[in-house]
1. At 1.4 Å probe size, with no ligands or nucleic acids counted, give the accessible surface of C259 in Å², nearest ten.
2. Using r as the Cβ-Cβ distance of A127 and T249, and R0 as 22 Å, what FRET efficiency do you calculate, to the nearest 0.05?
3. Could you pull out which residues in segment 138-174 have an amide N less than 20 Å from a spot 7 Å beyond the Cα of K242, following the Cα-Cβ vector?
4. Where q = 0.17 Å⁻¹, what log10 of I(q)/I(0) comes from the Debye formula for segment 121-241, counting one point per Cα?
5. Sort 164-173, 11-20, 143-152 by packing, meaning the average of other beta carbons within 10 Å per residue, with the highest value first.
6. How large is the accessible surface of L241 in square angstrom, using a 1.4 angstrom probe and rounding to the nearest 10?
7. D183 to T151: extension gain in nm, 0.36 nm per residue of separation minus the Cα-Cα distance?
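The values are calculated or read from the model by the stated rules, or taken from the named source; none is laboratory data. Because the structure is a prediction, the values reported are computed rather than measured. Note that each Cβ is placed from the backbone with ideal geometry, even for glycine, and that neighbours are counted across all protein chains shown. Surface accessibility is based on the protein's heavy atoms, side chains included, excluding ligands, DNA and RNA. Shrake-Rupley method; radii C 1.70, N 1.55, O 1.52, S 1.80 Å.
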Amino acid sequence: MEAIQNLLQQLTRMQWSDYLDIAVVAFLIYKILPLIKTPSTTRIAKAVVAVLIIAWLTDVLNLYTLSFILNQFLAVGLLALVILFQPELRRMLDHLGSVKLTNLFGISKPVQEMDAVITQTVRACEAMGREKVGALIVFAREQRLEEYFKTGTQIDGQVSEQLIRNIFFKNSPLHDGAMIVRDGRIAAAGCVLPLSDSSRLSSDLGTRHRAGVGMSEASDAVVVIVSEETGTISVAVGGMLKRHLAPQTLDKLLHNEMCPAQPEEQRQSLPVRLKQKLHPKEADGHEK
């Protein structure tokens with residue numbers, strides 16, 4: 001009861017700037033956390049939590065020697081984290097630095113545009129699967145993939161079945177690399193992706209599939225893979241590989257990942273939503 005009274009006293013002493021400060025911090029945490037939620041950053045978080053828990057247990061159990069060692073480690077913990085997780089930290093900062101402000105406020109490509117992009121991609125994958133032409137297509141989402149974009153050839157072309165098939169044609173100089181689709185356009189092709197070292201992957205999977213899974217582990221991208229040996233279509237999301245997909249299944253999966261169903265209010269632009277909040281009667285078509 002005393003704790004509740006102290007909390008109420010603290011609330012009564014808070015000014016409007018304190019509430020604004022809390023609201024802004026909460027909004028930033030809510031928006032930024034999904035952008036850095038990748039297997040690499042998860043490893044960093046797990047390592048930090050594990051060290052803190054062990055340090056707490058050593059104090060509770062009076063393990064003086066181990067506590068001394070951990071205290072020395074924590075004294076240089078920040079430097080140790082930078083050294084041990086340098087690749088992950090660099091990738092995380094690259095992701096944060098390349099995020100567009102429009103993504104933070106929920107403004108994205110119209111569903112109609114992405115629907116056309118997905119349709120053309122599915123048609124191209126279906127044709128390449130029949131002809132056993134290998135393909136590796138990366139759909140960038142919140143993370144802009146700048147570091148991988150720079151390893152290929154910039155294109156900035158409209159997504160079409162013909163262009164996709166030309167890029168991955170066996171005699172094309174770009175067919176061995178990955179194609180990155182960003183903001184509804186083909187941004188680059190011939191890009192180099194990181195390979196996954198996961199032991200869960202089947203031994204019969206080649207470099208193209210491991211690169212697709214590796215890309216999905218390092219970012220929030222959706223990666224479509226067409227096998228050159230079998231012509232089967234696969235999709236990698238969040239480090240998980242879904243294989244042997246029919247064109248209809250591929251279309252549905254890409255729509256679910258790239259065009260998630262949202263309430264009508266969330267699909268509208270931020271200015272429209274603010275206007276509706278301030279003038280609800282006008283938004284409904286009624287007079288004040």
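1. About 30 Å², rounded to the nearest 10.
2. Efficiency for this residue pair is about 0.85.
3. 138-143
4. Ignoring solvent entirely, the Cα scatterers give -0.75.
5. Values: 164-173: 15.9, 11-20: 9.2, 143-152: 18.4.
Highest-to-lowest ranking by the protection proxy: 143-152, 164-173, 11-20.
6. 40
7. Stretched fully, the D183-T151 segment lengthens by 9.7 nm.
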